[in-house]
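The values are calculated or read from the model by the stated rules, or taken from the named source; none is laboratory data. Bear in mind the structure is a predicted one, so any value in this text is a computation, not a measurement. All Cβ positions, even for glycine, are placed from backbone atoms using ideal geometry, and neighbour counts span all protein chains on display. The accessibility values were calculated without ligands, DNA or RNA, using every heavy atom of the protein model including side chains. Shrake-Rupley method; radii C 1.70, N 1.55, O 1.52, S 1.80 Å.
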Amino acid sequence: GEVHAARAAHARYFSDLVDEADRHLRQHDQLHWLALLEAERDNVLAALRCLGDSGEAQATVELALRLTWYWTLLGSHSEAANWLRFALTVPGPVPHGRRVMAEAAHTISSMAGESGDFDMAQVSRTMADMDEKIAGVDLGSEPLAWRLRPSRAVVSGDPVLVKQRMAEALECEDP
């Protein structure tokens, strides 16, 4: 009873903290928020684990998605891939657009976290599949999609597509 309530309150608090920090990680005060998240890393991950262990699929996916830019800034791609995989395996409903974003972020993080030689044809196919999934998502409500779609263009090697996707990304309201 009381322990469960305390863990749930802890998870909500740190989920809210990450929600606030995520916006700032793409703004002029990013270093302050990055340092705060780094100082609270264990608490944030405990919150993510708690949400997942409690079967809160949507909340787990949301928190993992809001942490993707933090992990990207730190270069912690393998950690991102592991936590996104954890979030995606929590049973329960998650809005389609958010699940697609989590799957795309997992794909990018997994590839970025690998070392060694890449089969560029396979990378290109994977990115094309991801791009198809993202194409069906309302990008106005999914700022993460605006950051992921240019990745596909870069892998394609098509400079016109790169320019188009970068221009689209720059028009996104998310900083």
Any hit, the range 105-114, residues being under 24 Å from Met130 (Cα atoms), of a type in the set (D, E, K, R) and free of Cβ contacts under 8 Å to residues at least 12 places away in the same chain: yes
Residue match in the range 31-40 (condition: assigned to a helix (DSSP H, G or I) and closer than 28 Å to Val154 by Cα): yes
Criterion (open to solvent by less than 50 Å² (accessible area, probe 1.4 Å) and not small (Gly, Ala, Ser)) met by exactly one of Thr68, Thr72: Thr68
Some residue of the range 138-152 being modelled with pLDDT under 75, touching a Gly at 6+ places or on another chain (Cβ under 9 Å), surrounded by fewer than 19 Cβ atoms within 10 Å (Cβ to Cβ) and assigned to a loop (DSSP other than H, G, I, E, B): yes
So Ala59, is it in a helix (DSSP H, G or I), of a type in the set (A, V, I, L, M), modelled with pLDDT of 95 or more and under 22 Å from Ser110 (Cα atoms): yes
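Tell me the residue from Ala135, Ala35, Ala112 that is open to solvent by 40 Å² or more (accessible area, probe 1.4 Å), hydrophobic (A, V, I, L, M, F, W, C) and modelled with pLDDT of 95 or more, please.
Numbers: Ala135 fails: modelled with pLDDT of 95 or more; Ala112 fails: modelled with pLDDT of 95 or more.
Every option except Ala35 fails the conditions.
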Count - residues of the range 92-117 that are part of a helix (DSSP H, G or I), more than 30 Å from Asp29 (Cβ to Cβ) and of a type in the set (D, E, K, R): 2
Number of the exception - Leu25 against (1) under 15 Å from Ser76 (Cβ atoms); (2) surrounded by 15 or more Cβ atoms within 10 Å (Cβ to Cβ); (3) modelled with pLDDT of 95 or more: (3)
Asp16 within 22 Å of Gly92 (Cβ to Cβ) and either exposed (fewer than 14 other Cβ atoms within 10 Å of the Cβ) or modelled with pLDDT of 95 or more (or both): yes
Which numbered condition Ala46 fails, given (1) outside any loop (DSSP other than H, G, I, E, B); (2) at pLDDT 90 or above; (3) under 24 Å from Glu132 (Cβ atoms): (3)
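Being part of a loop (DSSP other than H, G, I, E, B), out of contact with any Cys (no Cβ under 9 Å at 6 or more places or on another chain) and either at pLDDT 95 or above or under 21 Å from Ala21 (Cα atoms) (or both), is that true of even one residue in the range 84-91? Quick ask: steps written out before the conclusion?
Filtering the range 84-91 down to residues part of a loop (DSSP other than H, G, I, E, B) leaves 90-91.
Now narrow it down to the ones that are out of contact with any Cys (no Cβ under 9 Å at 6 or more places or on another chain): 90-91.
Those still in the list that are either at pLDDT 95 or above or under 21 Å from Ala21 (Cα atoms) (or both) too: 90-91.
Yes, the range 84-91 contains at least one residue that is part of a loop (DSSP other than H, G, I, E, B), out of contact with any Cys (no Cβ under 9 Å at 6 or more places or on another chain) and either at pLDDT 95 or above or under 21 Å from Ala21 (Cα atoms) (or both).
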